[in-house]
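The structure appears right after this line, and notes come after that.
The values are calculated or read from the model by the stated rules, or taken from the named source; none is laboratory data. Please read these numbers as outputs of a predicted model, since none were measured by experiment. Positions of Cβ are generated from backbone atoms using ideal geometry, with glycine treated the same way; all protein chains shown enter the neighbour counts. Side chains are part of the model used for accessible areas, which takes the heavy atoms of the whole protein and leaves out ligands, DNA and RNA. Shrake-Rupley method; radii C 1.70, N 1.55, O 1.52, S 1.80 Å.
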Amino acid sequence: FVVMAALADEVDYTVYYMSAFSGRAETLHIMLADACAQWTTGSKDDLLSSQAGTCVFQVPAIKDHANGLVFSQTTTAVKYLAKKLAGGAYDVEGSVEEVMQASKIADDIADIWKEGYDLRKKKDAIKCLEWLNPVSDGSRNGARLTRLLKVINESRSMLSPSKKDCTYLLGEEVKYVDFLFYSALRTMAYCYGAALVRKCLTAPGCGNLSDVFDRVKSRENVKNYLANAVPVLYESVSAAALFGDRAPMASPTPLRRGSLSPSEMSSKNLTGYVNKKQASRIDMSAPVGHKVVKKRQTVAVGQLDKKKEASTAWGAMFEKK
């Protein structure tokens, strides 16, 4: 099994992205590996310094050595490979409605990747826990990952209710949307921890999405590639960097709104779920209406109640290693 060809004249494709991590280019790598294609990698500078790079604004991008064409934009590059690899087996063909259904699901998956990554970069543990909570607490970020997953699951049945029970997202054969889905959720697991993401995948309304994830993961060539692949992202956005030495528990106990005592809402307890720098910015002992400074913004403590509740509720998910 060949993951990458050593010499440029032996390859079918070149994937341009960062060298230290796979990021948004991971889906391209996984599809190429699954199809037993031969490919190599290149940097953004390699691409932009070439004539082919004149139509590319940003990586990832894929170069087809058979015709010299380069396609950037993650979903577009993935769709191109879907038509080219394995005789087009990864593409979604059929009626206009079927093609658009797949395209819509691909866009939903892109929303998960962008929203989850952008939130993780802000390093706000409270908002991250709200986003991951499978049960909405009424906050703006509450249960958004689960809501996005439910939308994807419902979108599967737009044309046929039976699609919800299929082996993969849209049928019994793996398609490009399955690779996008797997990579996006694998990225979220890197950022937030596999246990927390799995809790969302198995939430009511998400159907067999957890099984779909596992089936892509267990494909032989995908396993072989990932065994020696670079990390999907960089250390500073990892789950370990966010939660430190506290690990997710398998069975959290959801909190009912209004069930916390004043002592449970104290900064002492909150510090267990937020890093010290974040906790020090919020004075939990201050009276309602007292103004505190948080990231150059003036925020009323009374407006932070829902954040404190969400944090304390999800604090039960963590224990010392």
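Name the residue, out of Ala20, Ala66, that is more than 22 Å from Lys217 (Cβ to Cβ), under 25 Å from the mean Cα position of the chain (by Cα), at pLDDT 90 or above and not in a helix (DSSP H, G or I).
Values: Ala66 fails: under 25 Å from the mean Cα position of the chain (by Cα).
Of Ala20, Ala66, the one residue that is more than 22 Å from Lys217 (Cβ to Cβ), under 25 Å from the mean Cα position of the chain (by Cα), at pLDDT 90 or above and not in a helix (DSSP H, G or I) is Ala20.
Quick one: Gly142 ticks every box in (1) modelled with pLDDT under 90; (2) within 18 Å of Ala102 (Cβ to Cβ); (3) open to solvent by less than 30 Å² (accessible area, probe 1.4 Å) bar one, so which box is it?
Exception for Gly142: condition (2).
I need the full set of residues from region 73-92 which are outside any helix (DSSP H, G or I) and without any contact (Cβ under 8 Å) to a residue 40 or more places away in the chain, in order please. Reasoning before the result, please.
Applying the first criterion (outside any helix (DSSP H, G or I)) to region 73-92 yields 73, 89-92.
Gln73, the sole residue that qualifies.
Taking helices (runs of 4 or more DSSP H) that fall entirely within region 158-244, which contain at least 1 residues that are touching a Ser or Thr at 6+ places or on another chain (Cβ under 9 Å)? Can you show your working first?
Numbers: elements: 176-192, 194-201, 209-217, 220-226, 239-243.
In region 158-244, the matching helices (runs of 4 or more DSSP H) lie at 176-192, 194-201, 209-217.
Looking at this structure, is Asp118 open to solvent by less than 70 Å² (accessible area, probe 1.4 Å), assigned to a loop (DSSP other than H, G, I, E, B) and acidic (Asp, Glu)? Show your work before the answer.
Values: open to solvent by less than 70 Å² (accessible area, probe 1.4 Å): yes; assigned to a loop (DSSP other than H, G, I, E, B): no; acidic (Asp, Glu): yes.
Considered against the rule, which asks whether it is open to solvent by less than 70 Å² (accessible area, probe 1.4 Å), assigned to a loop (DSSP other than H, G, I, E, B) and acidic (Asp, Glu), Asp118 comes out as no.
Can you name every residue in region 181-220 that is over 9 Å from the mean Cα position of the chain (by Cα), of a type outside the set (Gly, Ala, Ser) and open to solvent by 10 Å² or more (accessible area, probe 1.4 Å)?
Scanning region 181-220 gives Arg198, Lys199, Thr202, Pro204, Asn208, Asp211, Phe213, Asp214, Arg215, Lys217, Arg219, Glu220.
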